[in-house]
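The values are calculated or read from the model by the stated rules, or taken from the named source; none is laboratory data. Predicted model, so just to flag it, every value in this text is computed and none were measured. No Cβ is skipped: glycine too gets one built from the backbone with ideal geometry, and neighbour counts run over all protein chains shown.
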Amino acid sequence: MRHRILALALALLLVAGSALPALAAADLAAALDYLRTQQNADGGFGSGFGPGSTVGSTADAVMAIVAAGGDPAAFAQDGNSTLDYLAANAAAVDNAGDLAKLIMAAVAAGENPRTFGDTDSVARLEAMAGAGGRIGTANDTFVSHLLAVLALASVRRPISDAAVDQIVQAQQENGGWSWDGTDATPADTNSTAFAVQALVAAGQAGSEAVANALDYYRGIQNEDGGWPYQSPSDFGTDTDANSTAVTIQALIAAGEDPAGWEGSSGVGPVETLEAFQNEGGAFAWQAAMPDDNLLATVQAIPALAGKAFPLATTDAGQPAAAAATATPAPTSAPEATASEPAPSTIPETGGAGLDPALLVSLAGLGLAAAGYALRRRK
């Protein structure tokens, strides 16, 4: 435990030292207080589409907590922390997207993803790489591949040319990417954000693909300075917090100053995103849907903290089998290093996620559904 605390402290110090300063006056401490109210008894966080916790959503929350300067081990319900939940469920993860988020969250929290949860998540992710460079299982989306590249960068593992080519070749003529990586599906701001961060993490910061992505963002930016999920779209093009947040992260990763990206109204994306924060600390999804929104809050925090994914990188060492025969064998988890906005080598540094998600990969009505499903817990 003492080593984990020291590793986390070092990771936070290094990230703070090299990342951009917090971009806005948003109350990130209040946002973390809101996250505490959304944590489940098992220590995890739910996706909003079901009653239980999920690894992907919990990993997203861990990265948000670290980005805001918090300690995910101190986020606990009934004695179960976020890291307890992830460790207990790490071995059961069977898709590249969640495995990638788990790796990035572990690194951000000062853990070694080769041993965290008694499983080598790095080796398992690398084993999902196909002959053509695509990383993932049959159930994974193109965004999972993007997250996998970010995760490999976070542990300084080699990123193949084929894996990078998968990203470049999937870029659409307008400069964006779709969630499934095909031209048949319209490009969206969220998938494009992860693509930009993945390319930067793979040493492609100055590439034509990244430049074209910035043109895509310029072309669909709303008057208020924010971004929608898609434009044009049959479901509307109003600015939403999630899409604006991940786009800000993409700009940071590409070496752009979000302050220079004002909409035609003279308002920039940071101010627009900040305006979505409610009095209780949570963020709303859209102006027309002002309720507290878990996913919007998790995604807004890293962006307003001035950070993109991966939050930190570390040399996680060799696979367990190789380490057993190597001389000398590593005796402790390696130190973490911060990400840089424009790395020149692969894969020592990452972009300046949760999704995801990230990150999060949501298509069509998925993001709209999130606006309803991820409202304030009553």
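Selection of the range 136-185 for residues being assigned to a loop (DSSP other than H, G, I, E, B), over 25 Å from residue 228 (Cβ atoms) and among the hydroxyl-bearing types (Ser, Thr, Tyr) yields 137, 160. Of the numbered criteria (1) polar (S, T, N, Q); (2) under 25 Å from residue 303 (Cβ atoms); (3) in a helix (DSSP H, G or I), the one residue 89 fails is (2).
Tally the residues that are farther than 22 Å from residue 310 by Cα and either aliphatic (A, V, I, L, M) or buried (at least 24 other Cβ atoms within 10 Å of the Cβ) (or both), restricting the search to the range 65-85. Give the steps one after another, and end with the answer.
So the first thing to find is which residues in the range 65-85 are farther than 22 Å from residue 310 by Cα, and the list is 76-80.
Filter again for either aliphatic (A, V, I, L, M) or buried (at least 24 other Cβ atoms within 10 Å of the Cβ) (or both), leaving 76.
Count: 1.
Look at (1) in contact with a strand residue (DSSP E or B) (Cβ under 6 Å, 6 or more places away or on another chain); (2) β-branched (Val, Ile, Thr); (3) farther than 21 Å from residue 149 by Cα and you find that residue 272 fails only one, number (1). Considering 62, 122, the condition of being buried (at least 19 other Cβ atoms within 10 Å of the Cβ), under 24 Å from residue 160 (Cα atoms) and either out of contact with any strand residue (DSSP E or B) (no Cβ under 8 Å at 6 or more places or on another chain) or of a type outside the set (Asp, Glu) (or both) is satisfied by 122 alone. Against the condition polar (S, T, N, Q), at pLDDT 95 or above and more than 24 Å from residue 153 (Cα to Cα), how does residue 37 come out, does it pass? Yes; evaluated as a whole, the condition is true for this residue. The condition (being assigned to a loop (DSSP other than H, G, I, E, B), closer than 24 Å to residue 303 by Cβ and within 17 Å of the chain's Cα centre (by Cα)) is satisfied by just one residue among 97, 69: 69.
Quick one: count up the residues across the range 186-209 that are assigned to a helix (DSSP H, G or I), buried (at least 22 other Cβ atoms within 10 Å of the Cβ) and either among the basic types (Lys, Arg) or out of contact with any Asp or Glu (no Cβ under 8 Å at 6 or more places or on another chain) (or both). Give the derivation first.
Of all residues in the range 186-209, those assigned to a helix (DSSP H, G or I) come to 189-201, 208-209.
Checking the rest, the ones that are also buried (at least 22 other Cβ atoms within 10 Å of the Cβ) come to 189-201.
From the residues that got through so far, the ones that are either among the basic types (Lys, Arg) or out of contact with any Asp or Glu (no Cβ under 8 Å at 6 or more places or on another chain) (or both) too are 189, 191-193, 195-201.
Number of matching residues: 11.
Take the residues in the range 40-51 that are at pLDDT 95 or above and more than 18 Å from residue 101 (Cα to Cα); name whichever of them is surrounded by the most Cβ atoms within 10 Å (Cβ to Cβ). Per the criteria, the residue is 40. Candidates are the residues of the range 312-331 that are modelled with pLDDT of 95 or more and out of contact with any Pro (no Cβ under 7 Å at 6 or more places or on another chain); the one that is surrounded by the fewest Cβ atoms within 10 Å (Cβ to Cβ) is 313. If you go through the range 288-299 one residue at a time, do you hit one that is surrounded by fewer than 19 Cβ atoms within 10 Å (Cβ to Cβ) and polar (S, T, N, Q)? The answer is no; no qualifying residue exists.
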